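The values are calculated or read from the model by the stated rules, or taken from the named source; none is laboratory data. Since the model is a prediction, treat every value here as computed from it, not as a measurement. In this analysis, Cβ positions are derived from the backbone assuming ideal geometry, glycine residues included, and neighbour counts consider all displayed protein chains.
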Amino acid sequence: MSHDEVIKVEGLTKMFGDFAAVNAISFEVKKGEIFGFLGANGAGKTTAMKMLIGISHPSSGRATVAGFDVYTQAEDIKKNIGYMSQKFALYDDLTVKENINFFGGIYGLTRKRIKEKSEALIQELGLENVANQLVGALPLGWKQKLSFSVSLFHDPKIVFLDEPTGGVDPITRRQFWEMIYKAAHQGTTIFVTTHYMDEAEYCDRVSIMVNGKIEALDTPKKLKEQFQAESMNDVFLKLARG
Amino acid sequence: MKRFIGFIKKEFYHIFRDRRSLFILFGMPIAQILLFGFAITNEINNVDIAILNTSKDTTTEEIINRIAASKYFSIKQMVTREADIASVFEKGNVKAVLNFERNFSKNLIKENKATIQIITDATDPNTANTITNYVNAILQHYQKELNKDVHVAYQIIPQTRMVYNPELKSVYMFVPGVMTIILMLVSAMMTSISITREKELGTMEILLVSPLKPFQVIIGKVIPYIFLSIINAIVIVMLSIFILNMPIQGSLLLLGLESVLFIITSLALGILISTISATQQTAMMISLMGLMLPVILLSGFIFPISSMPMPLQILSNIIPAKWFIIILKAIMLKGVGLEFIWKETLILLGMTVFFIALSVKKYKIRLE
Ligand SMILES: Nc1ncnc2c1ncn2[C@@H]1O[C@H](COP(=O)(O)OP(=O)(O)O)[C@@H](O)[C@H]1O
Ligand SMILES: [Mg+2]
């Protein structure tokens, strides 16, 4: 069913001068899906994501997100998505609560709603004791979880996560993926990039990007069959060797 | 609107939690003005002076005695020839030379009047003024006593002359310059740093992915600095009035409005700088090199524009600070109204509109 697809991309390309950072990629993401956007460093994942969330203009190709065109309806897209960037991007000099209030506020949530939601969220993350501490003082794992929760705070239809688990320890990564599952269960579509191939196993479907092109796209199970590989890591190695 | 208030609140958190910002915002202006305050003294004590007395009569000796007796002056040397006065000042030993005219007593008795020249070193115009006033007071006092029991009125006529800085370029003249620099620093540098900081931290991206429009983000970032700059301008003017005893001759309202205009010019420049710099460091360097340096060198703050080489004089016209300093001097020191500075105001206004338009355009391009 075509209206099930919340992201549709066709021949999307981004040129930096002569260099195609994203080279005519095409794919679709279904509602409620966890879509893994895999690739080594420099493959073009972030560049592709930035075009989808409306902060970078595509050089060519077509794309719609939540039914809106990336060229002409970026403002509508922004109202329907959440975004967690590759760089940790909460304010270090604001407290946990102040950060939540601020980001809730710029999405136009009412003060009452922010208060209710932030209390629930702080409890859920177990941050009661540090709610009034500056975010800069928190361990990276906590920051990442908080950052993820903030990107979901306004209940977006789709959330874009750019290497959300970069640099955190395996236990926190595991917890992180539990949070992702939970959000997916509640109907949020998850578009997540990573260069950790093992994380691909947690996704409903994955695409593997190499040098700006999507070289493989399917469920992890089918990809392993297709490449006769033990793990997604093997799939990736086989792909990379060509 | 609510989103805006949240945004501004957050901006104030940033400012008040960062010592460097706080220092630039509030420490700097106060320190600057107080520094100038120390340079201005309205009291003198044991100032070294020299005396040229070719008359050597009872009256001149009496006056010299009185001057020597006062705690304000100490007579460092006696000069014998008028031609030596210049070299006495050059050596920098004395701050003033008193020159009695030839035949002082005789003139006083015959013509009822005699002249004394008070020559002061006006590199420090304030001290020079004070010296002149004190000498005058002593002379007047003496003259009164002289006239007590006689029915003719003897007149001792002081003649004042300044060397080195005859147009009395006073410390007050620096206040407009200091004010301009501080407003520029706060408005342009702080805004450009605070915007690039968000770029560097990656939070700008998050803001741009939110439903806020880019111009809302920028306005939200700029509004706190407008407030703070206005407060700063008020603090500077208050310090000038109450600490430096500087009389503000013109309308305070006009002064306020012109200051707001210049603050907006500077903010527009700050936004422009933030669009071309990727890091806080770059923003700071561009602000310092591209704004502060020309302001200090070319705006007439330190070097008078009229004595610059022609190409620099022409170049100085594109510096907004130059026009603001002219406006400030006119309002603060001369006390003139808008009818005398409308041209400068229009130029500043034009520049502001241009910079805002340019930064809006640049900002859009950055987002592609
Ligand atoms: N603004 C830019 N200008 C020029 N090249 C860029 C720019 N942004 C990214 N690139 C290049 O595009 C390629 C893909 O980058 P990126 O999308 O960040 O990769 P990934 O997120 O997969 O690690 C890299 O080679 C990178 O150097
Ligand atoms: Mg990336």
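One line per residue, one yes/no per condition, for (1) within 16 Å of ligand 2 (Cβ to nearest atom); (2) at positive phi; (3) not in a helix (DSSP H, G or I):
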position	(1), (2), (3)
A:42	yes, yes, yes
A:54	no, yes, yes
A:57	no, no, yes
A:63	no, no, yes
A:77	no, no, no
A:83	yes, no, yes
A:87	yes, no, yes
A:102	no, no, no
A:115	no, no, no
TODO: Determine if the stretch A:41-48 includes at least one residue that is closer than 29 Å to residue A:176 by Cβ and within 12 Å of chain B (Cβ to nearest Cβ).
DONE: yes
Open item on the list: Looking only at residues that are surrounded by fewer than 23 Cβ atoms within 10 Å (Cβ to Cβ) and within 16 Å of ligand 2 (Cβ to nearest atom) in the stretch A:169-198, which one is nearest to the other protein chains (Cβ to nearest Cβ)?
Closed with: A:195
Task: Tally of residues being in a loop (DSSP other than H, G, I, E, B) and touching a residue at least 40 places away in the same chain (Cβ under 8 Å) across the stretch B:125-163 - done: 3
Task: Residue list for the stretch A:48-87, filter: surrounded by fewer than 18 Cβ atoms within 10 Å (Cβ to Cβ), within 14 Å of ligand 1 (Cβ to nearest atom) and within 17 Å of the chain's Cα centre (by Cα) - done: A:86, A:87
Open item on the list: Which residue is surrounded by the fewest Cβ atoms within 10 Å (Cβ to Cβ), if the candidates are limited to the stretch B:82-101 and must be part of a loop (DSSP other than H, G, I, E, B) and at pLDDT below 90?
Closed with: B:92
TODO: Tell me which residues, restricted to the stretch B:301-338, are in contact (Cβ under 8 Å) with a residue 60 or more places away in the chain and within 24 Å of residue B:355 (Cβ to Cβ).
DONE: B:301, B:321, B:324, B:325, B:327, B:328, B:329, B:330, B:331, B:338
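Let's see how each residue does on (1) within 14 Å of chain A (Cβ to nearest Cβ); (2) more than 30 Å from residue B:190 (Cα to Cα); (3) of a type in the set (Ser, Thr, Tyr):
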{"position": "B:2", "(1), (2), (3)": "yes, no, no"}
{"position": "B:6", "(1), (2), (3)": "yes, no, no"}
{"position": "B:32", "(1), (2), (3)": "no, no, no"}
{"position": "B:47", "(1), (2), (3)": "no, yes, no"}
{"position": "B:50", "(1), (2), (3)": "no, yes, no"}
{"position": "B:71", "(1), (2), (3)": "no, yes, no"}
TODO: Filter the stretch B:309-368 for residues that are farther than 23 Å from residue B:271 by Cα, over 18 Å from the mean Cα position of the chain (by Cα) and outside any helix (DSSP H, G or I) and give the result.
DONE: B:309, B:337
Task: Subset of the stretch A:17-28 [away from ligand 2 (no atom under 12 Å from the Cβ) and in contact with a Lys or Arg (Cβ under 8 Å, 6 or more places away or on another chain)] - done: A:20, A:23, A:24, A:25, A:28
Task: Matching residues in the stretch A:18-46 - criterion: being without any contact (Cβ under 8 Å) to a residue 40 or more places away in the chain and either more than 13 Å from ligand 1 (Cβ to nearest atom) or surrounded by 18 or more Cβ atoms within 10 Å (Cβ to Cβ) (or both) - done: A:28
- [ ] Might you check whether a residue that is part of a helix (DSSP H, G or I), in contact (Cβ under 8 Å) with a residue 12 or more places away in the chain and within 24 Å of residue B:338 (Cα to Cα) occurs anywhere in the stretch B:272-290?
- [x] no
Task: residue A:76 closer than 30 Å to residue A:48 by Cα and out of contact with any Phe, Trp or Tyr (no Cβ under 8 Å at 6 or more places or on another chain) - done: no
Task: Flag if residue A:109 is in contact with a helix residue (DSSP H, G or I) (Cβ under 8 Å, 6 or more places away or on another chain) and more than 12 Å from chain B (Cβ to nearest Cβ) - done: no
- [ ] Search the stretch B:15-37 for residues that are in a helix (DSSP H, G or I) and pair each with any residue that is of a type in the set (Phe, Trp, Tyr) and loosely packed, with under 14 Cβ neighbours inside 10 Å when their beta-carbon atoms are under 8 Å apart and the residues are at least 6 apart or on different chains.
- [x] B:22/B:16
Task: Members of the stretch B:212-226 found to be farther than 13 Å from residue B:4 by Cβ and either within 13 Å of chain A (Cβ to nearest Cβ) or touching a Pro at 6+ places or on another chain (Cβ under 7 Å) (or both), listed by number - done: B:214
